[in-house]
Amino acid sequence: MHRSTDPSIFDLPSDKLDEISAREGEEYTETFDAGFFDCARCQTPLFKSDAKFRSHCRWPAFREALPGAVKSRDDSTYGVQRTEILCNNCGLHLGHVFADGKFSGDTHPNAGTRHCVLSLSLKFRPLSA
């Protein structure tokens with residue numbers, strides 16, 4: 001689904017990526033194999049699979065990113081105040097981060113945040129690869 005998409009899609013504004021993701025679905029929501037979730041544009045490792053949890057929010061959710069891999073900025077699109085997350089290396093829009101991890105299904109003792117990430121912005125790399 002997303003893997004065959006033209007790479008120029010990553011040049012679209014973040015709200016357009018959100019719309020495409022919502023329309024096409026999320027291929028990594030139920031991916032819990034051991035490995036890494038890398039940036040789909042520059043292949044920078046962003047999240048370890050052991051930081052992923054079932055949040056029941058449609059998008060893949062992670063309690064934390066790899067150190068230094070993700071940056072954030074304020075986002076007020078659609079009249080809602082949120083925190084956008086981006087790849088720290090190439091600036092690709094990844095999704096948003098929320099402070100509701102414990103209330104969104106994360107049962108880990110360090111639960112806190114929920115990085116709600118678009119599958120479109122990710123590429124899964126199995127640990128054995």
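The values are calculated or read from the model by the stated rules, or taken from the named source; none is laboratory data. Keep in mind that this is a model prediction, so the values were computed, not measured. Positions of Cβ are generated from backbone atoms using ideal geometry, with glycine treated the same way; all protein chains shown enter the neighbour counts. The area values use the complete protein model at the heavy-atom level, side chains included, leaving out ligands, DNA and RNA. Shrake-Rupley method; radii C 1.70, N 1.55, O 1.52, S 1.80 Å.
Pairs from the list Lys16/Lys48; Lys16/Lys102; Lys16/Lys52; Lys48/Lys71 with a Cα-Cα gap above 23 Å: Lys16/Lys48; Lys16/Lys102; Lys16/Lys52.
Probing with 1.4 Å while keeping every protein chain in the model, the per residue accessible area of the stretch 9-129 equals 51 Å².
In this rough spin-label picture, where each label sits 7 Å from Cα along the Cβ direction, the Ser72-Cys57 distance is 1.1 nm.
The apolar share of the surface of the stretch 14-129, taken as the fraction of accessible area on carbon and sulfur atoms (1.4 Å probe, ligands and nucleic acids excluded), comes to 49 percent.
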